[in-house]
Structure formats: C-alpha cells, structure tokens
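Have a look at the structure below before the remarks.
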Amino acid sequence: MNLSYWEYKTWLSDIDFTIVGSGIVGLNCALVLRKKYPSAKIVVLEKGVLPEGASTKNAGFACYGSISEIISDLNTHTEEEVVQLVDQRWKGIQLLRKTLGDATIDYQQHGGHELFPKSKEGLYETCKENLGLVNSLLKPIFGTTAFQLQENRFHFKNIKEQYISNTLEAQINTGKMMAALLNLTAKNAIRILNAITVEEFQESGNAVEVRTNAFTFKTKKLIIATNGFASQLLNEKVQPARAQVLVTQPIPELHIKGTFHLDEGYYYFRNIDNRILFGGGRNLDFKGEETYEQTETPLIQNQLEKMLAEIILPDTPFEVAMRWSGTMGIGDVKKPIIKQISDNVYCGVRLGGMGIAIGSQIGKELAELSV
Ligand SMILES: Cc1cc2nc3c(=O)[nH]c(=O)nc-3n(C[C@H](O)[C@H](O)[C@H](O)COP(=O)(O)OP(=O)(O)OC[C@H]3O[C@@H](n4cnc5c(N)ncnc54)[C@H](O)[C@@H]3O)c2cc1C
C-alpha cells in the first residue's frame, strides 16, 4: 500500500497501543486503555471486514458451565481452579452488563438447562449425585443454590424426565453486543482498521515493528487478542477449534425459552426471535474441526438436524434458515493465556467456549497487564 504523508501521519505514526483482533477481548482491552489514557493513540487491527473470529459467530449464552461440564472439569482441574473458572465467568458477565447495559445487549435471564439423552443414564445419575457438592462449592459465587432439578416443561423427547437447571444463566444478542462495543470504541476515538492482517512483529528498541498485509509501522506496545488464531503469530499452545451452528426459520408460537446444554456441553441451543439456534457436534470429528476454515460439514450439520427433529422439535415442522461456523481457541486446560510475551508485546488469547462470559474481564486484565 502506497501511503500518503497524511495517511502515515494520521493513522500510522506515534501509536501508543496497537491491538490485534476486534473481538470482545480486543475491544474491551481498548476501552479500558482509553479510560486510563484519555489522549493515547490506540489502534485496533482486524483481518476481517467485520470481526472474523468467534465474537460475532457465537450462540450468545451468558453461562457459567453446565452441571456435567463442571463435574468433568473437577476431574481434570483442582476444586480451587474450578471455582476460579466459574468466578471469572460470573465477574465477566457482570462486567459485560455494566459496560453495555442489559437493554443494549438484550440480556434475558430465562435460566439454563442441561438435558440428558436417555442413553446417558450414567452421566445423569452422576450429575444428580454431585448436585449438592457442586452447589455448595459454588454458593459463595452465586449466593444461592444455583443448580436445581426441573421437570421437562418444554416437552423435549428422548431425554431423561428432569433437567438440571441453573436459574441464573442468561442469553444475550451477540450482534447487538458487538455493535455496541464497536460504537463505544468509535465514540472513544479508538481507530479500527479492517481488512488488515498482522503477519509478523519484531521488538525494535522501545517499540515494536509490525508488518501487515498492507503496510509496516511502529507501535509502543503491541497487544495480541486473536484467540483461536493466536498460534499463527505466537509460540503459544492454542488450537483452533471450529464450532458449527444453524438457526431455523421462525416457528409460530415457539414455547421454548432459555439456554440448553446437551452431552457435556458439546451441543447447545437457545431461542432467538422465535427461532431455535442450535450448535455443537465438534466431538463427532475433533481432528477435522481443528481448522481455521469457517465452513460447515454434512457430518455435523446432519447430526444437528437429526437432534432437532428427534429431541428439540419432535412435533413441530421446521426449516433451517442459515448455517455458519466460527473459530474458537482451545488448549489442554480451560484457562485463557494472559501474559507478557516480551518487553512491549502482550497477549490475551484461548478463551474456549466461554468468551461471552469471560471476554470483558480478560480484556480488562490484558489492558492492566500492558500499562
Ligand atoms: C459457534 C460458536 C458458539 C459460541 N457460543 C458461545 C456462547 O454461547 N457463550 C460464550 O461465552 N462463548 C461462546 N463461544 C466462544 C466465544 O465466542 C469466544 O470465546 C469469544 O468470542 C472469544 O473472543 P476473542 O475476542 O478472544 O476472540 P475472537 O472473537 O475470535 O476475535 C479475534 C479476532 O482477531 C482477528 N484476527 C486473528 N488473527 C489476526 C491477524 N493476524 N491480524 C488481524 N486480525 C486477526 C480475528 O479476525 C478475530 O476477529 C462460541 C464460539 C463459537 C465459534
């Protein structure tokens, strides 16, 4: 790109903070930096025309982890770590609500419910047995016994007769959340440059030289918030994990309301605008879904449709309106990576399937780390 004097001077010189990635983490990080440094030059670089990661593709669950997910985490993490994970989600959701407001993000607390297919008798029994333990472990965070058994009031088929529900779980409108964050960054004089891919960076003196697909420039600090794409720029253990979704056409008199989890969180669905949004199935092909490609596969999409017909909408005709996929960043443990990479480079990546819950908090911590 052949830059003019004006372009260079206005957009690409004397930059204090450059953030790579305009997802929930990058934008929250930029906003916290702006509060601390009212006159700093803050730039966000985004490879997509719109944000192209998970923040505009997700299901909009404001969730803390379903009961089976928490029990499964207790097998691989210490109790203290699990409490910390849930606490981080709790604080993150409160921060998101405070930053943008419930009306703006269409926050609706209809509760979250885990359904157990009839074939998962063992898992259902384990979850029921551990209900007391999980509730007492998490009571200091929720201030109440959040997980409760509930009758199958939405009349799903081929599942056990009771759900295990978290009454505090909620849903948001993902599009509204991201649009509001983008509006706030614009109001706060944070420049977002779209269709710019960061290809390489190098510390040079007190600054970092950044090479993109369009130009090279210097920034005092470089903050990487590229989540599932992180290992393209950093030597960090972040695997891309594609997540596929579909949404139905509007269904007249749809009575289902809430966020729902099935199969240890590998499937999830919710109501939105009288439709059902349904995603998951990564466990059918872990290897194949370890990809940066944002496409769909018949294997997973057919399974989603089958479960819609057999479990969720067994007596209601439906049509699929749209299908899409997004890229998550995952690792061996559920902890995100927030760290200083070198003198002037920082990262906050690997948010797993919980970025709505923890993204605001991670963005804040990342900003605090880099000042
Ligand atoms: C289908 C799906 C459903 C989900 N459902 C939920 C849910 O219900 N609840 C929940 O809490 N979480 C959910 N998640 C996870 C959640 O969306 C993510 O954890 C969260 O959005 C991560 O935010 P982020 O800002 O870290 O990353 P991202 O939103 O992925 O943002 C990273 C950005 O960096 C950009 N980028 C990458 N590399 C470069 C580069 N080299 N140069 C410039 N830009 C670059 C990308 O284009 C992207 O916009 C879901 C994810 C998916 C995919």
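Here, each number is a calculation from the coordinates, and none is a lab measurement. Predicted model only: the values in this text are computed from it and were never measured. Cβ placement follows ideal geometry from the backbone for every residue including glycine, while neighbour counts extend to all protein chains displayed.
Details
- Remark: the stretch 50-204 carries a charge dipole of roughly 700 debye about the Cα centre, counting +1 on each Lys and Arg Cβ and -1 on each Asp and Glu Cβ.
- DSSP loop GluC sites (Glu not before Pro) with at most 14 other Cβ within 10 Å: longest gap in the chain: 1-160
- Rounded tilt (10° steps) of 174-187 against the dominant C-alpha axis of the chain: 20 degrees
- Between 0 and 90°, nearest 10: helix 298-307 axis offset from the chain longest Cα axis: 40 degrees
- Straight-line cross-link partners of LYS91 among the aspartates and glutamates, defined as a Cα under 20 Å from its Cα and at least 8 positions apart when in the same chain: GLU69, ASP73, GLU79, GLU80, GLU81, ASP102, ASP106, GLU169, GLU365, GLU368.
- Kirkwood estimate for the stretch 191-266, i.e. one over the average of 1/r between Cα atoms, Å: 16.7 Å
- Selected from LEU131, LEU85, THR56, residue furthest toward positive end of dipole (the stretch 1-142; charges at beta carbon): THR56
- Descending semi-axes in Å of the stretch 43-107, equivalent ellipsoid built from Cα gyration tensor: 27, 16, 12
- Prolate/oblate/rounded label for the stretch 66-164 (Cα gyration tensor, a/c 1.5): oblate
- Over 31 Å [Cα-Cα, the chain], rounded percent: 36 percent
- Degrees between helix 355-369 axis and first principal axis of the chain (Cα, 0 to 90, nearest 10): 30 degrees
- Within the stretch 200-252, the trypsin sites (Lys or Arg not before Pro) that combine a DSSP coil assignment with at most 16 other C-beta atoms in a 10 angstrom radius are LYS237.
- Low-density loop cleavage sites - chymotrypsin sites (Phe, Trp or Tyr not before Pro) in the stretch 230-331, where at most 12 other Cβ are within 10 Å (DSSP): PHE286, TYR292
- Lysines whose Cα lies under 26 Å from that of LYS9, excluding same-chain neighbours fewer than 8 positions away: LYS35, LYS36, LYS41, LYS47, LYS187, LYS218, LYS220, LYS221
- In the chain, helical runs assigned H by DSSP with n ≥ 4 each contribute -39500 (n - 2.57); averaged across all residues and rounded to the nearest 500, the mean residue ellipticity at 222 nm is -9500 deg cm²/dmol.
- The stretch 130-218: mean projected area of Cα convex hull, nm²: 12.4 nm²
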